[in-house]
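J.: First the structure, which I've put down as structure tokens, then a few questions once you've had a look.
A short reminder: the numbers here are calculations on the coordinates, not readings from a lab. Keep in mind the model is a prediction, meaning the values are calculated, not measured. Neighbour counts run over all protein chains shown; Cβ positions are idealised from the backbone, glycine included.
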Amino acid sequence: MNKLIRIGRGRASNKAALEVIEEAREYVLSRPDVESVVILVGSPGQCRPFATPIDRPLDFNGMLELMKHDLFREK
């Protein structure tokens, strides 16, 4: 059964993740041109994606590959 995440009600270990979710929320609220959101939530041994509907999967996959490239290049 899925649980509803409530900002500010998590344990201390959830603090960083909740801050990122709140930042994403504020970004979406402040920009009317945002049309999709993808969030990956990780916990030990599990990663779960949450996304708005994706109309063009190939474009989406390309965007993910570019993001991975940038992420690994920074490290």
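J.: Sticking to Cα atoms, compute the Rg of the stretch 12-74 to one decimal and its Dmax as the biggest Cα-Cα distance, whole number, in Å.
T.: 13.5, 38
J.: Once phi is turned into ³J(HN,Hα) by the Karplus curve 6.51 cos²θ - 1.76 cosθ + 1.60 with θ = phi - 60°, what whole-Hz value does each residue of the stretch 23-38 show in order, with x for glycine and proline?
T.: Taking θ as phi minus 60°, the curve returns 5, 5, 4, 5, 4, 5, 5, 8, 10, x, 7, 5, 10, 8, 9, 10 Hz for the stretch 23-38.
J.: Would you mind computing, in nm to one decimal, how far apart the modelled labels at ASP59 and LYS15 are, each placed 7 Å from Cα along Cα→Cβ?
T.: 4.0
J.: Let me ask you something else. Please compute the net charge surrounding TYR27, taking Lys and Arg as +1 and Asp and Glu as -1 over other residues with Cβ under 15 Å from its Cβ.
T.: So the environment of TYR27 carries a net charge of -4.
J.: Quick query: amide H of VAL41 versus all other amide H atoms, modeled in the peptide plane; which residues come in under 5 Å with a sequence gap of 5 or more or a different chain?
T.: ARG48, PHE50
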